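FYI, it's all coordinate maths here, none of it is from the lab. Here the structure is a predicted model, which means the values were calculated and not measured. Cβ: placed from backbone, ideal geometry, glycine included. Neighbour counts: every protein chain shown.
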Amino acid sequence: MGGSMPAKTRAAAEPAEHFDVLIAGAGISGIGLAYHLTRQCPDRTFLVLEAHESYGGTWLIHRYPGIRSDSDLHTFGYRFKPWSGPPIATAAEILAYMGEVIEENALGDHIRYRHRIVHADWSSREARWTVIAERPDGSRSTFTAGFFIGALGYYEQDKGYTPEWPGMASFRGRIVHPQTWPEDLDFAGKRVIVIGSGATAATLVPAIAGQTAHVTLVQRSPTYFKTGRNEIELATLLRERSIPEAWIHEIVRRGILHEQAKFVARAKAEPETVRDELLADVRANLPEDYDVGRHFTPRYRPWQQRIAFVPDADLFKGIAAGKASVVTDTIERFTERGLILSSGTEIEADIIVTATGFNLSVLGDIPFTVDGDPVDLSQTLTYRGFMFTGLPNLVWIFGYFRASWTLRVDLLGDLICRLLNHMKAKGARAVEVAPPEGLALKRLPWADTEDFNPNYLLRRLDRMPRRGDHPDWQHTQDYWREKDELPAIDLDGPAFVYR
Ligand SMILES: Cc1cc2nc3c(=O)[nH]c(=O)nc-3n(C[C@H](O)[C@H](O)[C@H](O)COP(=O)(O)OP(=O)(O)OC[C@H]3O[C@@H](n4cnc5c(N)ncnc54)[C@H](O)[C@@H]3O)c2cc1C
């Protein structure tokens, strides 16, 4: 009879496996958290559930030509694992680095791949999460855990964001999104249009420009870029002196963070000057008569959105060499042959790449319930962008956008391990955040859009948890504050309620 039973029924009959901590996601955040648990909470059992067939998250799923980081790996890498390659790294190099972290710390046995979490329910009576994971064949397993760490990134993994333009269906060529880049896509000798202006478009264009007949970047509005060599001279110098890699990592990391702090402060204090400097850098890499005003002068202030780093100015070299061009205009519609822009210009293409961004996802869009009742995350209030009111024993690893994401992974790793150890010492089974009595918090959208306003965030801001008008009750996106504030959080402070 067992053989004819549906897979789902069979799995439901299996006893649930229990772990002290469950990490959802094996991207750079989940692997970082797993490492910190082994070091800082060695007596706790934990499991990582990962939907995909391997680790890496962002760096596994993105397979478009040229895919690379736009942060340096001294700060995008973990603080505990030296980075010895060039600062801007390819996805393959980042995956190899993460693979070493898994290998060196024996994390592999803690990870179950091909397990997509489809439901998580908190039981107040049992003080534990019951998590259901589904495998690609549709079979399901149940896990229970005292604590849930959502290391799920911030965007939908399966499908990127593509706006609907009139006439799209009539286009005779191929339309491709970088997030789901087809392995068989042959762009050699083809006319390619890349729609978008962010880091992905800036990476993709130079990577394919040499092989295509021509590549045209079509953007609605420009982005700030910063150029530089893909080398840190100090690291090279120290390496020549046979300084240990761990020292080089720490020294270079501190150097970069110091420079970035100065840059952020200047971008806020004197945005006009910083803007002029960034534009002068772009201008220096383009022909003299190039219309930098139209194509590379953003409407927003530097640092309202991430500034994309262009190593060795490769994007601009492609433009200067005539292999790539930029058109700044809005798209009126697709045609059989390409695009018609608002100006009336038609651009013909064989392939159109929509580098138009992501769909924001809140905690992996997992349906969470508390004692069986659905949780609407947009109704919760966040504590420091990692805990949420009404959701006990749950955290979300949401990194930085202006600084490297992973800097926050290490900071939150320390904080979460401290919290777990604190709970153990207190004999508490559950912890929840709640605004202290007397603190009349105003509920505001997750991000201050005057300060940080990328489109993917604006499109789905209403789905995000709310922030309060107090630094404790928001994700400030400010590494330089948080590096001192997070380690100093009083876990017996009034925001924490233990049971
Ligand atoms: C192309 C690109 C380049 C980027 N470059 C940089 C950069 O240079 N610097 C920087 O700071 N940031 C960069 N970012 C942002 C980047 O996403 C983060 O820095 C970082 O990689 C996120 O890591 P993560 O582990 O938190 O999330 P992700 O990498 O998104 O990984 C989340 C993991 O969770 C898994 N998962 C999701 N849902 C479920 C589920 N229901 N059940 C089980 N598993 C699930 C996914 O399969 C995935 O493996 C970049 C983003 C993109 C898309």
Taking amide hydrogens as modeled 1.01 Å from N in the peptide plane, which residues meet the under 5 Å criterion relative to residue 332, leaving out close sequence neighbours? 340, 341, 342
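How much net charge surrounds residue 338 when only the other residues with a Cβ under 11 Å from the Cβ of residue 338 are counted, with Lys and Arg +1 and Asp and Glu -1?
Details: positive: 172, 191, 333, 337; negative: 336, 346, 348, 350.
Spelling it out: positives minus negatives among the neighbours equals 0.
With N set to the number of residues, divide the alpha-carbon radius of gyration of the range 162-356 by 2.2 N^0.38 Å and report two decimals. Intermediate values should be presented prior to the final figure.
Values: Rg = 19.2 Å, N = 195, 2.2 N^0.38 = 16.3 Å.
Ratio of Cα Rg to 2.2 N^0.38 Å: 1.18.
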Loop only by DSSP, 10 or fewer other Cβ within 10 Å of the Cβ. Give me the GluC sites (Glu not before Pro) in the range 221-324 that pass, ordered by residue number. 288
Sum up the lysine pairs in the chain that clear both bars: alpha-carbon distance under 21 Å and a spacing of 8 or more or different chains. 9
Residue 498 to residue 240: FRET efficiency via 1/(1 + (r/R0)^6), r the Cβ-Cβ distance, R0 60 Å, to the nearest 0.05? 0.70
Where labels lie 7 Å past Cα in the beta-carbon direction, separation of residue 428 and residue 261 in nm: 3.0
The range 162-356: antiparallel bridges as % of DSSP beta bridges, rounded to 5, reads 20
Where Lys and Arg each count +1 and Asp and Glu each count -1, what net charge lies around residue 51 among other residues with Cβ under 15 Å from its Cβ? -1
How large is the Kirkwood hydrodynamic radius of the range 94-146, counting all unique pairs of alpha carbons, in Å? 13.0
Taking 7 Å along the Cα-to-C-beta vector as the label spot, tell me the residue 125-residue 333 distance in nanometres, rounded to one decimal. 6.1
Residue-ordered couplings for the range 307-324, obtained by feeding phi - 60° into the Karplus form 6.51 cos²θ - 1.76 cosθ + 1.60 and rounding to whole Hz (Gly and Pro as x), are 8, 7, 8, 10, x, 6, 6, 4, 4, 6, 5, x, 5, 4, 7, x, 7, 10
Determine ³J(HN,Hα), in whole Hz, for all residues of the range 79-94 in sequence, where each value follows from phi through the Karplus function 6.51 cos²θ - 1.76 cosθ + 1.60 and θ = phi - 60°; x replaces Gly and Pro. 5, 9, 10, x, 9, 10, x, x, x, 8, 10, 7, 4, 4, 5, 5
